[in-house]
1. Within region A:222-259, which trypsin sites (Lys or Arg not before Pro) sit in a loop by DSSP and count at most 16 neighbouring Cβ atoms inside 10 Å?
2. Mind checking the angle between helix B:277-305 and chain B's longest principal axis? C-alpha axes, 0 to 90 degrees, to the nearest 10.
3. Once phi is turned into θ = phi - 60°, what whole-Hz ³J(HN,Hα) does the Karplus curve with 6.51, -1.76 and 1.60 give for every residue of region B:369-376, x standing for Gly and Pro?
4. When only DSSP loop residues count, what GluC sites (Glu not before Pro) in region A:98-156 have their Cβ near at most 11 other Cβ atoms within 10 Å?
5. How far apart, in nanometres, would the label points at residue A:66 and residue B:197 be if each is projected 7 angstrom from Cα along the Cα-to-Cβ direction?
6. Calculate, for residue B:47 and residue B:306, the FRET efficiency according to 1/(1 + (r/R0)^6) with r their C-beta to C-beta distance and R0 35 Å; round to the nearest 0.05.
7. Would you mind giving the average projected area, over all directions, of the Cα convex hull of region A:97-136 in nm² with one decimal?
8. If the only charges are +1 at each Lys and Arg Cβ and -1 at each Asp and Glu Cβ, what is the size of the charge dipole of region B:261-376 around the Cα centre, to the nearest 20 debye?
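What follows is calculated from the coordinates using simple rules that are stated; it is not laboratory data. Values in this document were obtained by computation on a predicted structure and should not be read as measured data. Ideal geometry is used to build each Cβ from the backbone, glycine not excepted, and the neighbour counts take in all protein chains shown.
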Amino acid sequence: MPKCLVCYKWTLDEKDIKIKPEDLSLDTSRAKGKISDFDRNAIEEATRIVEQHGGTVHALTYGTSAVSESLKDVLSRGPETIYWISDNSAETADACVTANVLAAAVRKLESYDLILCGEGSSDLFNQQTAARLAALLGLPCITYVEKLSVEGDTVRATRKLADCTEVATVKGPVVLSVLGTINKPRIPSLKQVLGAAKKPKKEIKIADLGLNAEQLHPKSIHKTVKGFVAKRKTIIYREANAAANVGKLTSSLAAEGLL
Amino acid sequence: MNFQLTEEQRLIEQSAHDFAKEYLDPVVEQLDHTGDFPKAIIKELANHDFLGLHLPADVGGAGAGFVSYVAVIESLSRSCAAVASIMNNQAMVSYAIQHWGTEAQKKQYVQALVKGETIGAFAIYEHGPTPGIGPDALAATKRDGGYVLKGTKAYVRNAGEAGVYVAFAITDSAEPNALTAFVVDAKATGLKVGPKLNTMGLRGCPVAHVTFDNVSVPETAVLGAVKSGREIATRVLTLASVAEAAQTVGIGQAALEHAALYAKQRVQFGKPVATLQAVQTLLAEAATDCYLARLGLRSAAQLIEDAKPFETEAAIVKSFLARLGSKILVDTCQVEGGMGYSEAMPLPRLFRDIAGTTLLDAPADFPDYAIAASIA
């Protein structure tokens, strides 16, 4: 019976983020948190595997103090235990720091057969955490997973690549990053929401992970983040004849190299 | 004092919001057009524990409180108030049987209602000025160790789809105010559901008159004590009025969000109309109305959850929302101008749903008597 660990990120909900027109900076003051989209798929996939084969699902996260808001939400979606690391370093952590912290935490926990991540986070979408985590743990890594099955100790994953699909099979512990198409995350029932309060939530202090300052120092730093506002040309073709309007539109698109 | 939802309440609200996006948004226009009863959606509501939200765990409920209940109703109403209305009426019946029913009544009906296997209908109103008075008032005559029910209940929601009715009848014509509640199976001989009324709003939540043509029920069909029906009805209808206020807030919020989106996209005088002061005033007033209404609503719900007296506050919320609901819709419709008036947009449906929510039950000014009585 597989022992699964899902690593997830608590991000800001992009629909609540506003772009300030004066300097295009982001106003996140009223943005609520959410489980990063693909990580939600990872939680769902691990939960489905365990529902099918038995076993356990644990969840692990690293974030700022806001991450404590995520615990019951995650537990309501299937995992039976959650481990959380809350530290200010997460504010500026890049994928390298995140992987260092997660790998150190995994080493302290029990051994897992499957470690699942989302393919990329909703905010930065660097697509690096799973690969870096696997490298640090010395495990194989399968990315872009859109289909997953487990038979005994064999994991079979279908990867969706740019121009083809690829089936990868691996035995033993493995790190996987899943796409949003792998499943449709469930809407927790009210009993699952209320039952989440009774599940164990275990905090891991970053100081107990044995990481040095270098491992917690980000290699890439975001100095500013600006929103992108598409400028529309607002061209309206006003010919009486619809065919003439279509002709003008296609000519215009062709002139811009879009057709 | 904390005006915010707890973490559990927030997650329950989020679940309802996600449920509405997945199950209600895709069908709401079709439901409004056809008026068909959404059986599959009601089953999904049950699968997600919404139908037993307010009931204890030992009968299959989720055991969440009334604050969660109104948060769910508001969230569902933002997408489809008709489904919220079906759920409200279902809850009125399951609540009544759970609170006043015998063990046998609970066993037979409550779990089936929670699982969505049975639909419930609360049959209180009549064509006369008040239940118990009028030529076709439902009367229960004692006969052969049971009762025979004769009369008509008017504007019964969930009628026709319901498997069980909680119906209120007079047992003594000399005491028209002394109602008795009966739990009546829909299959009872003589129970006839009239044609579904073609209602203005909340289409999908069926409304019909139900005739009891000498329906024989055993004595065990009495809910609570004989002649205690008025107290049962008052309690349930007062709770329902708070839930209906949540429905109104949800519809208002949906209208506000749609109007705000429209105002950002609609360009006049070279800029989005959202930048025009007149439009901003309309949006600001609607947002203010929704915000304050929600505070009042949740305050009343908290009193209910804390088992404190809530009748006056429930009346205040009902009265306030009955007036405000229409105002929010007028304001938001103004924002969208001629386009908002078009059936191609959701505002006409929301307008009709507000009417269905605030007009179908007791008249909007009815709570004023309860409020005045509490202060003078």
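1. Passing sites in region A:222-259 are A:223, A:231, A:232, A:233, A:238.
2. 30 degrees
3. Result, ordered by residue: 5, 5, 5, 4, 5, 7, 10, 9 Hz.
4. Filter output for region A:98-156: A:110.
5. Output for this residue pair reads 4.9 nm.
6. 0.70
7. Convex hull of Cα atoms, orientation-averaged projection: 2.9 nm².
8. Working: 11 positive and 13 negative charges, 103 e Å.
It comes to approximately 500 debye.
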